[in-house]
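Here's the structure we're looking at; comments come further down.
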Amino acid sequence: MQAVPSEFLAIDRKERVNRPFRDLSLRAPDERVCDFEDVVISFDAERAKAEASRCIHCPDPAPCMVACPTHNDIPSAMWLIEQGRFKESAQIYHQTSSLPEICGRVCPHEQLCQGSCVLNKSHQPVLTGQLEVFALEWEHDNDPFVIQKAPASGKKVAIVGAGPAGMSCAHLMLEKGHEVTVFDAKPAPGGLMVYGIPNFKLPKSALFSKWSDLEKAGAKFVGDTYIGKDKTIDQLFAEGYSAVFVGVGTGIDAKMEVPGEDLPGVYEATDFLIRGNVDMEYLPKDKGERPQMGKRVAVIGGGDTASDCLRTALRIGAEEVVCLYRRTEKEMPGGKKDRQMAKDEGAQYRFLTQPVQFIAGPDGRLAAVECIEMKLGEPDAKGRRKPVPVEGSNFSIAVDTAIKALGYWPDPIIGKTTPGLEVHDWGLVTLTDKKTGATTRPGVFAGGDGVTGPDLVVTAMVAGRKAAESMHKYLSELK
């Protein structure tokens, strides 16, 4: 329910609609491409209040709230920011989100809250995402958030995976008074928020600040522990954990299955992004060095990961960077905002192009990518026009490095090593109840990309929260 005072609902919406709009301020491309610092310039207090004052406070339920997977009370937050009540606005986000400082930065707002703002019909939407970031940054700097815990329950829970689903589940479990231990195969917590999303999109300081909140509330982190290999879920129960949440994501890079993809100089996206972005102290043991990258780089794929790889390659020394995509730009699944930033920073795009072979040079390393031209045929089952090869159109592009950003698959090891836990589609965990996150194994709950396949940070976070509520009920009924 919106917290806007009743007298405020008599606002002059027409006047608000016509208030001036200022788009996000970004660092200049030739400056930002030289480092991994945040691209977006933060709002100051006056800028935030002015932007929030453009909200026309639609009647409940406001379209922005409906479009938000967390159903954040955005109109109330806008009102509070407009009034300079920044701490209270941050508290609004904490009511429904465990990762507001993250979601404000990485959510595709143009597809969610901002995309549903009624101002889109004839004006520019309220910049709800950046206002969320402002509120949480102000809180962090002036009156830090503290997780409020219930009395200790005496129950221990294990969280498998320290990504957005696992961290949000841990957050609510701590609030309920349970003892929480988070296991992850990587050295540091964060999952894809550390080991996937580059720092120029998500400053790691925001993630580690959130993890600090969890630690202060009692969460324990056990890194470099691959559940399913180093330890099984059965062993976790044997160690005294009363419930387990599985939030492992989908961390296996999809293969191309073309000749030469194992050549030196051909990287999978995850490997490249980890080596290229993560601080040396947090690198996994098998990735202890930066990418061996040449001056000419090709990135294969059309999603957000492809944009991240393009922009990372430019920052670590590539002189020519091109994205190869088998459909047209219209069909690209990645966000337009990130794609435009990549273009502004110097990335090139070649559409209707399908790599068919990686070619080695005299030294055995990658020297070229053989491609074939494509044309769009009839729509497939999902309505997307199918790319069809143009016979005899083969050509080669000289490159030193190629990065495959083709999507992700689940890791099947959890299903293979956990008796009674059903999986499907190469390892996605089967839920018996999508609303609760319950699985076919009693006491085991799951959520996030390891259940749905690759999706958004915010949807994984919501799944972790829903599962936590169900886990708490399950633990409360245990004798």
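Below is a table of values for the structure above.
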read-out: Only Lys, Arg (+1) and Asp, Glu (-1) charged, at Cβ; region 6-142 dipole about Cα centre in debye; value: 560
read-out: Entries in Lys201/Lys330; Lys216/Lys336; Lys287/Lys343; Lys404/Lys466; Lys229/Lys337; Lys201/Lys473 that, when Cα-Cα distance is taken, lie over 32 Å; value: Lys216/Lys336; Lys404/Lys466; Lys229/Lys337; Lys201/Lys473
read-out: Helical mean residue ellipticity (222 nm; -39500 (n - 2.57) per DSSP H run of 4+; nearest 500) of the chain; value: -9500 deg cm²/dmol
read-out: Sorted largest first, extent of region 359-479 alpha carbons per principal axis (Å); value: 69, 40, 26
read-out: Residues with amide H under 5 Å from that of Tyr267, placed H, sequence gap 5 or more; value: Ala402, Ile403, Lys404
read-out: Cross-link reach list, aspartates and glutamates versus Lys255, counting only Cα pairs under 18 Å and skipping chain neighbours closer than eight places; value: Glu268, Asp271, Asp304, Glu370, Asp411, Asp425
read-out: Nearest-20 debye value, the chain charge dipole, Cβ charges on Lys, Arg, Asp, Glu; value: 820
read-out: Among Gly196, Leu428, Ala405 the positive-end extreme of the charge dipole of the chain (Cβ point charges); value: Leu428
read-out: Magnitude of the charge dipole, region 10-71, Cβ model with Lys/Arg +1 and Asp/Glu -1, debye to 20; value: 440
read-out: Percent of alpha-carbon pairs separated by more than 35 Å within the chain; value: 37
read-out: C-alpha center-to-center spacing [region 90-166, region 252-277] in angstrom; value: 32
read-out: Karplus-derived 3J(HN,Hα), 6.51/-1.76/1.60, for each residue of region 220-237, Hz, glycine and proline x; value: 10, 10, 10, x, 6, 10, 8, 5, x, 10, 6, 7, 9, 5, 4, 5, 4, 4
read-out: Amide H contacts under 5 Å for Glu345, placed H, 5+ residues apart; value: none
read-out: Amide H contacts under 5 Å for Val39, placed H, 5+ residues apart; value: none
read-out: Listed residues Pro100, Gly301, Leu26: farthest to the positive end of the dipole of the chain (Cβ charges); value: Pro100
read-out: 3J(HN,Hα) from dihedral phi, region 189-194, Karplus parametrisation 6.51/-1.76/1.60, rounded to Hz, x for glycine, proline; value: x, x, x, 5, 5, 9
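Laboratory data are not the source of any read-out in this text; all were calculated from the coordinates shown. Computed from a prediction, not measured in an experiment: that's the story for all the values here. Note that each Cβ is placed from the backbone with ideal geometry, even for glycine, and that neighbours are counted across all protein chains shown.
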